[in-house]
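The values are calculated or read from the model by the stated rules, or taken from the named source; none is laboratory data. Model, not experiment: these values are computed from the prediction. In this analysis, Cβ positions are derived from the backbone assuming ideal geometry, glycine residues included, and neighbour counts consider all displayed protein chains. Note: areas computed on protein heavy atoms with side chains; ligands, DNA, RNA excluded. Shrake-Rupley method; radii C 1.70, N 1.55, O 1.52, S 1.80 Å.
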Amino acid sequence: MGVQNDIKFGTDGWRGVMAWDFTFARVRKLAQALADFILSEMTAEKSSSYPVVVGYDTRFLSDKFASEIALILKSNKINVTLCEKPVPTPLISLLTAKRFKMGVIVTASHNPFQYNGVKIKFNGYSASKELTDKIESLIGKHSPMSDDTSPIKIKDFTDEYVGYIKSKFNVGAIKSKIKKPIALDYMFGTQAGKLEKILSSQKVIAINDAPDPMFKGINPEPIEKNLKNLIDTVRKNKTAGGFAFDCDGDRLTVIDEKGKIITPCQIFPVILKYLIEQKKLKGKIIQTVSMGYLGKKIAEKKGFDFEQIPVGFKHLSKKMSEEKILAAAEESGGFAWQKASVERDGLLTTLLMLEIMAKTGKKLSELVSEIESEYGKSVFIRRDFTLLKPIPEQGIFIKRLIKKLPKKISGVPIKEAMSVDGLKIILDNDHWVLIRPSGTEKYFRIYAESDTVSNTNSLMDYAIKLMSKYLDTSKK
């Protein structure tokens, strides 16, 4: 198997295995392409300034890769500032919403330790496909320039980011109303220590808060199989709940005070109920196709427009920047809402969940129970599979799958077959299953949601059977 020659941006950035396809030589080529793009934009705008901020996460050599990017941009006479220490991706997004034209961060997000990557931020959120396509088209056009030996501007933006988060909440009320500490799993990533700056260390029991380039063998993705330590910490210390971030800090997973995972399909309705009933916010509710039915039920009951769009938070962010959106959510633990940010931010969402608990006086489990009693139960499962063989071109493949669909699944008629991103089969009772390839990893994903564990498993089993000749089902 040879090294891939092309640098391709996926759902959110370019990623690759370090020393295999993510190398210094290729990062330098990308940095020069970035410089060429920026210089062309400056010429078009007749501007002499195009400030760029470069950040990095806690992975092995991320700081060195970021320094190389900054050096090449500076050698091309671009106004660049390098972050002094590892930073969460939402910080870079925030800076591009305020005073930098572009943000670049070296991170592979939730991927395993072998990976690294580059994300591009623009206007407060991830760069569009149109923008990254332009950058890709410039790769290799010019040799990387790195002849500027003068010092690169370096700055610590931590206090600015923490101050922004604090400005969105009544932190004093949160601290006084929530008596028990909360447990945090930083997953060796970039959000470490920031909630302590907001709430004080006495309110926090932190684990995995020191950088580790190997992540102690745990993928820095906040999903249940990686959070046993956090669940044990919540139960042992009888905390008010647990919160886990991915390595670059834009995703969040919430665990209730009993040590039970609250899925994003349950968190989003809790957030919506609070924003609508307590904050009196109005607007369209949007979510990716991999999210559940409760958001739609709330939208229908409250009289708000509702829309499902392709996976990738940049699609949600774009909508939020162009329309009046109440709130947005994706299945992987990304949330944004009106008057806060158009970008997903694990720390911002943690504070919102704490505010909801403080304002309502309810435990996390009680907030979920309240939603279930009003709108119905949600049992959500996602499974990732490696492929036994390549699938045909996605559009053709989905059409083939649709032709194979029966009229009913488990005795329930199929209401709709959506092909917005993969194939989402929705039944008459709103239960659903989604089949789609991952946009960031070499997996095929199946998502399912119903009102019981057995019904969700039945949907999952049906989808696996439908895809049986393509999926490796030997690992769970």
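Key figures for this structure:
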| quantity | calculated |
| --- | --- |
| Hits in the range 437-468 - residues which are assigned to a strand (DSSP E or B) and open to solvent by 10 Å² or more (accessible area, probe 1.4 Å) | Pro437, Arg445 |
| Residue in the range 215-233 that is open to solvent by less than 10 Å² (accessible area, probe 1.4 Å), over 18 Å from Leu348 (Cα atoms) and among the β-branched types (Val, Ile, Thr) present | no |
| Selection within the range 231-259 - within 28 Å of Ser93 (Cα to Cα) and of a type in the set (A, V, I, L, M) | Ala244, Leu252, Val254, Ile255 |
| Residue within the range 58-79 that is of a type in the set (A, V, I, L, M, F, W, C), in contact with a Lys or Arg (Cβ under 9 Å, 6 or more places away or on another chain), closer than 20 Å to Phe157 by Cβ and assigned to a strand (DSSP E or B) present | no |
| Matching residues in the range 98-125 - criterion: being open to solvent by 10 Å² or more (accessible area, probe 1.4 Å) and touching a strand residue (DSSP E or B) at 6+ places or on another chain (Cβ under 8 Å) | Phe100, Lys101, Gln114, Tyr115, Phe122 |
| Subset of the range 141-167 that is touching a residue at least 60 places away in the same chain (Cβ under 8 Å) and among the β-branched types (Val, Ile, Thr) - its residue that is farthest from Ser200 (Cα to Cα) | Ile152 |
| Positions within the range 234-273 being surrounded by fewer than 21 Cβ atoms within 10 Å (Cβ to Cβ), in contact with a Lys or Arg (Cβ under 8 Å, 6 or more places away or on another chain) and outside any loop (DSSP other than H, G, I, E, B), in sequence order | Arg235 |
| Single match in Lys175, Lys129, Lys155, Lys121 (criterion: basic (Lys, Arg) and within 20 Å of Met42 (Cβ to Cβ)) | Lys121 |
| Subset of the range 313-346 that is modelled with pLDDT of 95 or more, among the charged types (D, E, K, R) and over 19 Å from Asp248 (Cα atoms) - its residue that is least open to solvent (accessible area, probe 1.4 Å) | Lys319 |
| Which listed residue, of Ile174, Ile154, Ile139, Ile182, is more than 22 Å from Glu84 (Cα to Cα), open to solvent by 20 Å² or more (accessible area, probe 1.4 Å) and of a type in the set (Val, Ile, Thr) | Ile139 |
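Quick grid of which residues meet (1) in contact with a Gly (Cβ under 7 Å, 6 or more places away or on another chain); (2) buried (at least 17 other Cβ atoms within 10 Å of the Cβ); (3) free of Cβ contacts under 8 Å to residues at least 24 places away in the same chain:
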residue: Arg15; (1), (2), (3): yes, yes, no
residue: Phe24; (1), (2), (3): no, no, no
residue: Tyr50; (1), (2), (3): no, yes, no
residue: Arg59; (1), (2), (3): no, yes, no
residue: Ala66; (1), (2), (3): yes, yes, no
residue: Ile69; (1), (2), (3): no, yes, no
residue: Ile72; (1), (2), (3): no, yes, no
